[in-house]
Amino acid sequence: MQANFSLSVIHPSFELLKRSAKILHFIAAATILIDAVHEWRIHDGGTVLCITQGIIAIDIMILVFFTGEVLTESPKMNLLFRFIESLVLLGIAVNLAFDGHALFSLLHFIASFGYFFLLHREARVIKRENVNIRSTGIVLPDLLKDSEIGWDEIKSIIPHYHSIIIETLRNKKTEYHLRVNLKIDELEQIDDFCQKHLISN
């Protein structure tokens, strides 16, 4: 019998993060554009710097408004733009710090850190959106850190063709919908594997 099953699932938190991609890109682009205009008009900023920021902001706006669902359908492109936004926000924060704007610099540092954190989480979503059923227990995906539940903590596992329901002894019940429906033999193997380990514990 197979010793490990990995089921690709639809995780609610991951889906929310994916759906938020456009608004997060828009916020970054708006911040970069406002800073470029501010530097140009108020501080007589360098022409090349301001134009470069403006081009980056406009590129992101075009991506947000005119490319449909490419951000959710192409996770790697989403990560690339998130990385660019993080770097630009960090550059703006450093520039503001040198200009003596401590508060605005701090806000941009926080925004940059937030976008780097999102980049890390979104990269994690690409790799980790699976429920793994192992001989030691079940590993559940999460945005911050995957959690492993031992068989001695599990009350029941009910696999269906389109979902899997996991209930712990603390009466916490979680259902994950599967991205790909299980075949009959896969469903039987997973059910047999789970029942075997539940009975032995």
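Please treat every number below as a calculation from the coordinates, not as lab data. Here the structure is a predicted model, which is why all the values come from computation and not from measurement.
Across 121, 170, 179, mean-square fluctuation computed from a Gaussian network of the chain (C-alpha pairs under 10 Å connected) peaks at 170. Summary of the geometry: the range 171-201 and the range 21-42, compared by the centres of their Cα atoms, lie 48 Å apart. The value of relative contact order for the chain, using C-alpha pairs under 8 Å at least six residues apart, is 23 percent.
Between helix 21-41 and the chain, what is the angle of the helix's C-alpha long axis to the longest principal axis, kept within 0 to 90° and rounded to the nearest 10? With rounding to tens, the tilt is 10 degrees. All Cα-Cα separations within the chain were binned at 5 Å from zero, giving a P(r) of 1, 7, 13, 15, 13, 10, 9, 8, 7, 6, 5, 4, 2, 1, 0, each value a whole percent of the pairs. Taking amide H as placed 1.01 Å from N in the peptide plane, residue 155 has its amide H under 5 Å from the amide H of 167, 168, 169, each at least 5 places away in sequence or on another chain. Helix 47-66 and the long axis of the chain differ in direction by around 40°, with both axes built from C-alpha atoms.
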